[in-house]
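Below is one structure, written out as structure tokens, with a few remarks after it.
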Amino acid sequence: MSEMPGRVAVRFVVNGRPVEREVEGRQSLADCLRDGLSLTGTHLGCEQGVCGACNVLVDGQVVRSCLMLAAQAEGCQVTTVEGIGEGDRRLNPLQQAFLDNHGLQCGFCTPGMLIAATALLKENPHPSREEVTAAISGVVCRCTGYTDIVDSILAAADAMAR
Amino acid sequence: MSEASYIGTSVPRREGAHKLSGQAQYVSDLRRHDWLHARLVLSPYAHAKIERVDLTPALRLPGVVAAFSAQDLTLARLGRQLNGGSDRVLDVLLAHSEVSFAGEPVAVVLAETAAAAEDGAEAVEVSYRRLAAATDPRQAMAKDAVRVRSEEELHGAEDEEAAHGAAVGGEVEGQSAPNVTRQIAFDRGDIDAGFRLADQVVEQSYRIAGVHQAYLEPQAAAAEAHPDGSVTIWASTQGAFYSRSYAAECLGLSEEKVKVVPMTVGGAFGGKGGLLEPLAAALATVVRRPVMLVLDRLQDFLVSNPGPAAEITVRLGATKDGQLTAIFADMMFDSGAAPGSPVGIAGMLLGGTYQAPNLAVRGVEVVTHKVPVGAYRAPGAPQAYFALESAMDELSRKLGVDPLTLRLKNASVEGDPQVNGRPWPRIGLVECLEQAARDPLWVKRQKGDDEGIGVAAGGWPGGTEPAAAVCRVNGDGTLTVQVGSVDITGTHTTFALIAAQAFGIDPSRVRVITGDTDAAPYAGFAGGSKITTTVGSAVLAAAAEARRQILELAASEMEAPADDLEVSDGQVRVKGVPEGGRSVAELAALTTGFGASKAPVTGQGRTAITKSAPGFAVHIAKVRLDRRHGWLKIVDYLAVQDVGKALNPAAVAGQMRGGTAQGIGRALFEQMVYQGGQLQDASLADYDLPLASDLPPIRVAMVEVPSPIGPFGAKGVGEPPAIPGAATVANAIRDAGGPRLTSVPIRPQQLIGD
């Protein structure tokens, strides 16, 4: 603890944009995104990998960015909530479905839910209610009781199929 | 006022797109290059003397800029006059000479990065001399128990209850056991005679665990001091004006010198407002740098103000046809290291929901060496109703009377006395019970051998507080409504509907904003289920006044008496003449810009509502039990609630479902587990919150018994759904052939049996 932790150069792609950073070896990907890149849509609820508010996609997989070191992202494609939209459209069909179906309240878990749902719908475009429930059971929401979130994701799957 | 057309239709939350795109700003999202990051040093002991705080090891670390113990953070140090030689107000920031709970902050380290601050906090060396601790309330009430608080410290304790619900009275003065900081008693009739009249009596003691609000965003505050002596505080708070007055008091500043900017709140449920704001502001003042103070989850569990544990004994007596003859209750609330438990509200609800001619409700609040409790969604009510509604269920079994019928026979109605003798206003308890009785889940009561169906009720008085709002008509005819309340549950969206309806314009033309405390009109704490009824009423009045002004303006322009004009869909017309008229936009254009000739339309609304609009809920759960493995599944759940009038039904349903989930959390999962004053489950990995896979789809049914107080008949809806869950689930387990459970959360081993 007496000495300064080492610094590491890291290059990765965030939301389609290449970034190059020198980070402390101990810095989490979440802190790098939030503090280094000002992508504050990734939220920190527990910093223990439990709540899922810090979910991001790393090479298409859902990752707790609080449990991954920034240095480990070398060469990876990282997608945060800021990057899930589609071009100039303000909200993508998933986000729109959350809005229309009241799938959010305080908004703190929302980015984590959206990331989990994005990965689910990519892998399984027509999930059942049970599959949606299982897919978001790694994200804690304290406000909604989850019913409206599950409905939102099912509605998004419908909308994207049309 | 024209017929309600914008009211009662579900609309999306207005701030939703911000939250869905990652743009909503919570305190910790504020970016600037000159923040100093603060990290607290917490006491590891429940009770100890602080002998020495050595900050120098921290100050030697790279990135650490400053560190303080309580001795360093005095009013004098802040450049203020000592108030009568005492700077006691600052004691609340850091412990001075003694710590009274494990987790109490004793020092704080400021550094250039959060990581460096964390290193610094680890390096601070504090010498303690451990003292005997009273961490269990029974132990704390024993004759020779160590005192948690001195008489002097107890003087002037603030009243949490008044902020969240209603002061109910029933205070008992005089002798009490050690560490009892409050006693209440409500009596009616002759309690002994009441039980003599009873054909059946049930009696049981119930234990309800202390639980945490467990909002997803940990507590956070940031502050900057200005050269003129004023401070700006960015806060995750339910009440910007509460945070302001508290910070002003602690720092010895006048309120006008403290600006609180309320940020997006990542969940609060009663727990947020004032905890960190004074310390952040004091630090910023001393170091002359902006300070960011964000708790991590461990610290949040240890430092912040959870909901109290309680033990409640209930005895009910009834005649064989199900008429209650007597209600007795004896309650004990564990308040942690400071007074402020909701024992009064609990007594009011426990003794007032059903009518019995004979009543005796007793309650004590005990202080212990644990984190001081605060408000958590319907403070006191889940505790009271777990005991009462479990007892009612047992009584219905003993009597052989249907549980809903028993409740309907005894339910309080308008005019019936509450525990303090005051009459109930119009309430919807009976209507909720009737609605529940009509649901197919109850009518059919289809269940397998291992299944059970349980029912329980709950109620909440509803908070009151003055509020004001301003409604401005912009030059293009749109409306800007400004309030001082924080939008946590979707209230701004509802205010837009209220203003649109009252003014006569489409809601898409109305914007609702929260001002900081420099700019906004007063509003109360977003808690106690009161923002829609109090601030909503002010918005209604402000929009109505703006409408009056635009009609006055139109009258002069259209050469018609204002009384003959109406505003509808943004158009001012002569009543009964659908064609012609002038648009609000045309008229508003006359009020802004060079050469404009008319005074700007600025409606102000002010209210001081002193009567509450109580809301009741009735829940039904169907559970499936596996008694071999102690496994339980909730297979169906219905939440019925009297919402007065659902202004935005989707938002109301969201409150009902979310509150229900928290009630189920109390029933099955959540508990602050202490051992020797040490919290054993201070992480989200250990503290068990309900996940999506734990909960059934929650069905909701709204009953609308209009309130005479809230706008368009609305009642507060946040609290009631969080109340009945524990008893509902316990009663369903009993119905499934399981045991009568007398403590929550329910543990799997309690369910194991034949």
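Okay, here's what the table says:
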| quantity | calculated |
| --- | --- |
| MRE, 222 nm, helices only [DSSP H, n ≥ 4, -39500 (n - 2.57), over chain B, to nearest 500] | -7500 deg cm²/dmol |
| Within straight-line cross-link reach of B:Lys575, lysines at Cα separation under 27 Å, skipping those fewer than 8 residues along the same chain | B:Lys598 |
| Computed over chain A: relative contact order in percent, which uses C-alpha pairs under 8 Å that are six or more apart | 23 |
| Relative contact order [Cα under 8 Å, 6+ residues apart], the range A:7-83, whole percent | 39 |
| Stokes-Einstein D in µm²/s, Kirkwood radius over Cα pairs - the range A:7-83 at 25 °C with 0.890 mPa s viscosity | 206 |
| Two-decimal log10 I(q)/I(0) for the range B:544-645, as the Debye equation yields it once each C-alpha is a single scatterer, q = 0.15, 0.16, 0.18, 0.22 Å⁻¹ | -0.75, -0.80, -0.89, -1.09 |
| Sorted peptide list for B:465-477, B:558-570, criterion being average Cβ within 10 angstrom, highest first | B:465-477, B:558-570 |
| Label-point separation, B:Ser245 to B:Val574 (7 Å along Cα→Cβ), nm | 5.2 |
| Radius of gyration and maximum dimension Dmax of the range B:315-428, Cα, Å | 15.2, 47 |
| Size of electric dipole in the protein assembly as shown: Cβ of Lys, Arg +1 and of Asp, Glu -1, about Cα centre, debye, nearest 20 | 700 |
| Whether the range B:465-608 is rounded, prolate or oblate, judged on the alpha carbon gyration tensor where a/c under 1.5 counts as rounded | prolate |
| Average beta carbon contacts from partner chains per residue of B:687-699, 10 Å cutoff | 6 |
| Modelled FRET efficiency - R0 22 Å, B:Gln23 with A:Gln61, Cβ distances, 0.05 increments | 0.30 |
| Stokes-Einstein translational diffusion, the range A:93-161 - Kirkwood Rh over all Cα pairs, 1.002 mPa s, 20 °C, in µm²/s | 187 |
| For the range B:566-626 and the range B:23-69, distance of Cα centres in Å | 47 |
| Net length gained if the chain between B:Gln175 and B:Arg289 were fully extended (0.36 nm per residue, minus Cα distance) | 36.1 nm |
| Distance between modelled label sites at A:Ser38 and B:Arg129, nm, 7 Å Cα→Cβ extension | 5.3 |
| Environment charge of A:Pro111, counting only residues whose C-beta is closer than 11 Å and scoring Lys/Arg +1, Asp/Glu -1 | 0 |
| Net +/- balance of residues flanking B:Thr353 in space, Cβ distance below 12 Å, scoring K and R +1, D and E -1 | -1 |
| Positive dipole terminus of the protein assembly as shown, leading residue within B:Leu324, B:Pro521, B:Ala140 (C-beta point charges) | B:Leu324 |
| The range B:524-645 - charge dipole about Cα centre, Lys and Arg +1 at Cβ, Asp and Glu -1, debye rounded to 20 | 1160 |
| Rounded FRET efficiency, nearest 0.05, which uses the C-beta distance separating B:Asp330 from A:Met160 and R0 of 51 Å | 0.30 |
| Global form of the protein assembly as shown, assessed from the alpha-carbon gyration tensor, a/c cut-off 1.5 | rounded |
| Prolate/oblate/rounded call for chain B, Cα gyration tensor, a/c under 1.5 rounded | oblate |
| Chain A - mean residue ellipticity at 222 nm from DSSP helices (-39,500 (n - 2.57) per run, n ≥ 4, rounded to 500) | -8000 deg cm²/dmol |
| Along each principal axis, Cα extent of chain A, largest first, Å | 53, 31, 23 |
| Under 14 Å, Cβ to Cβ, from B:Val291 - net charge with Lys/Arg +1 and Asp/Glu -1 | 0 |
| Förster radius 60 Å - calculated FRET efficiency between B:Ala596 and A:Ala9, Cβ distance, rounded to 0.05 | 0.50 |
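Laboratory data are not the source of any read-out in this text; all were calculated from the coordinates shown. Only a predicted model underlies this, so the values are computations on that prediction, with no experimental measurement involved. We place every Cβ from the backbone using ideal geometry, glycine too, and count neighbours over all the protein chains shown.
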